[in-house]
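A.B. asks: Sending over a structure as structure tokens; questions will come in a sec.
The values are calculated or read from the model by the stated rules, or taken from the named source; none is laboratory data. None of these values were measured; they are calculated from a predicted model. Positions of Cβ are generated from backbone atoms using ideal geometry, with glycine treated the same way; all protein chains shown enter the neighbour counts. Side chains included, ligands, DNA and RNA excluded: accessible areas come from the protein's heavy atoms. Shrake-Rupley method; radii C 1.70, N 1.55, O 1.52, S 1.80 Å.
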Amino acid sequence: MEKMFNFTKREGFSKIAAILANAGEPELEQFVQHEIELLAKKSSKKVNPDMEKNLVKVYGYVKALNAPVTVKDIITAYNCNPVEMSSARMTNLLMKLCDEGKVTREKVKGAYRYSITDIEE
């Protein structure tokens, strides 16, 4: 099945809000802005302590390897327990680290590689 859209809900709602603002539809624009706020509220879930511990652990893994690495590279290098740290869970944690600006992600030959950002805290 071919992907119909190449943008997120937030981006789509923002585009719709801009169109409605230009069309002079303040009620509809306000409705769409409210939907954007709901999306922001939904995505701002609190991180539980176990996830915080795993974030620190995964950040340490990437930092120790000191090169752009794939999830498979990390799992292989540290012999991670699949029950404790599956590749899907590690990818999720790496994405959170990307959102925080601690890790960068780039696609190289079809595989995503993660590396530490140059900016240290």
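A.B. asks: When you check TYR78 against the structure, is it under 16 Å from the mean Cα position of the chain (by Cα), closer than 30 Å to GLY110 by Cβ and among the aromatic types (Phe, Trp, Tyr), yes or no?
C.D. replies: So TYR78 does not fit the description; no.
A.B. asks: Also, I was wondering about something else. For a quick check of your reading of the model, give me the residue pairs whose first member lies in the range 91-120 and is over 21 Å from LYS53 (Cα atoms) and of a type in the set (Val, Ile, Thr), whose second is at pLDDT 85 or above and surrounded by 14 or more Cβ atoms within 10 Å (Cβ to Cβ), with beta-carbon atoms closer than 8 Å and at least 6 apart or on different chains.
C.D. replies: Once the first residue is over 21 Å from LYS53 (Cα atoms) and of a type in the set (Val, Ile, Thr) and sits in the range 91-120, its partners that are at pLDDT 85 or above and surrounded by 14 or more Cβ atoms within 10 Å (Cβ to Cβ) give VAL108/PRO68.
A.B. asks: Let me ask something else about it. Of the residues ALA18, ALA67, which is in contact with a strand residue (DSSP E or B) (Cβ under 9 Å, 6 or more places away or on another chain) and among the small types (Gly, Ala, Ser)?
C.D. replies: It is ALA67.
A.B. asks: Another question, then. Within the range 102-121, is there a residue that is polar (S, T, N, Q), modelled with pLDDT under 85 and in a helix (DSSP H, G or I)?
C.D. replies: no
A.B. asks: Oh, and also: Out of all the residues in the range 23-79, which are on the phi > 0 side of the Ramachandran plot and either open to solvent by less than 80 Å² (accessible area, probe 1.4 Å) or in a helix (DSSP H, G or I) (or both)?
C.D. replies: GLY24
A.B. asks: Filter the range 52-61 for residues that are closer than 16 Å to ALA88 by Cα and of a type outside the set (Phe, Trp, Tyr) and give the result.
C.D. replies: ASN54, LEU55, LYS57, VAL58
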